[in-house]
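Everything below concerns the one structure shown next.
The values are calculated or read from the model by the stated rules, or taken from the named source; none is laboratory data. The model shown is predicted, which means the values in this text are computed figures rather than measured ones. Please note: Cβ atoms are built from the backbone with ideal geometry, for glycine as well, and neighbour counts cover all protein chains shown.
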């Protein structure tokens, strides 16, 4: 199977980042010189994805505009001799073929994925959460696609997390696959487990590759945690009827949907940037001396 389509759910209300996300989508908050969602799109494209569906809501039309051409701005930049900037603006829109659909009600991540059924058709597809940035080489999505293609089934990305934090994510049951160190056979998944429900410290985190069979499960999925259609519940149902693998992916995950996670991401990327790295290191050292 070949994975050429991706879905990025980005219709959430951003309540962890209020008040700045009241009118500005959290996915559009800048990480140095690019909005957070561009890093997610670049990961998809660098993983071989050619078509991307971004799920938005009525207050997030700015994302549609961002991934569109801006002829007036390009013309102004070229007239000023700023060819590189003009080309950069054009390149953003040309990264992939973009489709935008509104999730008219925020009924959960599972419902968001179900909204993508017509776009996906009868093809395997990747799902990348819009507020999770993964720094890795090869990209995390590519790691999942490789596993999905190798075993001809859905593949979930996950990591071991501290047990005291597992209640914020999900817990899973899995078994080893002979000859594999990073790929496991996923057997069960429980969303936001209570302490007595915790199975292991391995949680599914932000990246998925599905076969179209997931839609059959989602169409019959009842509401779960928080009264929403949870994607984890559908993954659990899928694992009980078909083969599903979990990939202990290599790389670092940044959660830009919380204030501390967002600031950590900005600092990390700013320190590595040619534009800001040297200045920021000097500034941090200066502040550290003042705090002594």
| Residue check, residue 21 farther than 30 Å from residue 271 by Cα and either in a helix (DSSP H, G or I) or more than 16 Å from the chain's Cα centre (by Cα) (or both) | no
| Given (1) surrounded by 21 or more Cβ atoms within 10 Å (Cβ to Cβ); (2) under 18 Å from the mean Cα position of the chain (by Cα), index of the condition residue 264 fails | (1)
| query | With (1) under 28 Å from residue 229 (Cα atoms); (2) outside any helix (DSSP H, G or I); (3) without any contact (Cβ under 8 Å) to a residue 60 or more places away in the chain; (4) out of contact with any helix residue (DSSP H, G or I) (no Cβ under 6 Å at 6 or more places or on another chain) as the list, and residue 64 as the residue in question, which single condition is left unmet? | reply | (2)
| field | Cβ-Cβ under 6 Å pairs, at least 6 apart or on other chains, segment 277-288 side under 17 Å from residue 264 (Cβ atoms), far side exposed (fewer than 11 other Cβ atoms within 10 Å of the Cβ) and modelled with pLDDT of 90 or more | value | none
| request: With the checklist (1) more than 17 Å from the chain's Cα centre (by Cα); (2) surrounded by 12 or more Cβ atoms within 10 Å (Cβ to Cβ) in hand, flag the one item residue 287 doesn't pass. | output: (2)
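This table checks each residue for (1) modelled with pLDDT under 90; (2) surrounded by fewer than 23 Cβ atoms within 10 Å (Cβ to Cβ).
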{"position": "115", "(1), (2)": "no, yes"}
{"position": "123", "(1), (2)": "no, yes"}
{"position": "131", "(1), (2)": "yes, no"}
{"position": "144", "(1), (2)": "no, no"}
{"position": "197", "(1), (2)": "no, yes"}
| remark: Per the filter on segment 122-169, residues in a strand (DSSP E or B), out of contact with any helix residue (DSSP H, G or I) (no Cβ under 8 Å at 6 or more places or on another chain) and over 16 Å from residue 255 (Cα atoms) are 125
| query | Can you tell me which residue in segment 181-195 is modelled with the lowest pLDDT, limited to those that are within 17 Å of residue 143 (Cβ to Cβ) and surrounded by fewer than 16 Cβ atoms within 10 Å (Cβ to Cβ)? | reply | 181
| request: Hand me the list of helices (runs of 4 or more DSSP H) wholly inside segment 187-292 holding 2 or more residues that are more than 21 Å from residue 155 (Cβ to Cβ). | output: 259-272, 277-291
| task | Answer with yes or no whether residue 214 is in contact with a helix residue (DSSP H, G or I) (Cβ under 7 Å, 6 or more places away or on another chain) and modelled with pLDDT under 95. | result | no
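Only one of these is touching a helix residue (DSSP H, G or I) at 6+ places or on another chain (Cβ under 6 Å) and either in contact (Cβ under 8 Å) with a residue 24 or more places away in the chain or surrounded by 13 or more Cβ atoms within 10 Å (Cβ to Cβ) (or both): 103, 38. Name it. Quick ask: steps written out before the conclusion?
Numbers: 38 fails: touching a helix residue (DSSP H, G or I) at 6+ places or on another chain (Cβ under 6 Å).
Step by step, each of 103, 38 is checked, and only 103 is touching a helix residue (DSSP H, G or I) at 6+ places or on another chain (Cβ under 6 Å) and either in contact (Cβ under 8 Å) with a residue 24 or more places away in the chain or surrounded by 13 or more Cβ atoms within 10 Å (Cβ to Cβ) (or both).
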| said: From the list 218, 267, exactly one residue is out of contact with any strand residue (DSSP E or B) (no Cβ under 6 Å at 6 or more places or on another chain) and closer than 16 Å to residue 127 by Cα. Which is it? | reply: 218
| field | Breaking point among (1) modelled with pLDDT under 95; (2) under 30 Å from residue 175 (Cβ atoms); (3) surrounded by 15 or more Cβ atoms within 10 Å (Cβ to Cβ), for residue 246 | value | (1)
| request: Name every residue in segment 50-88 that is surrounded by 17 or more Cβ atoms within 10 Å (Cβ to Cβ) and more than 25 Å from residue 218 (Cβ to Cβ), in order of residue number. | output: 66, 67, 74, 77, 86
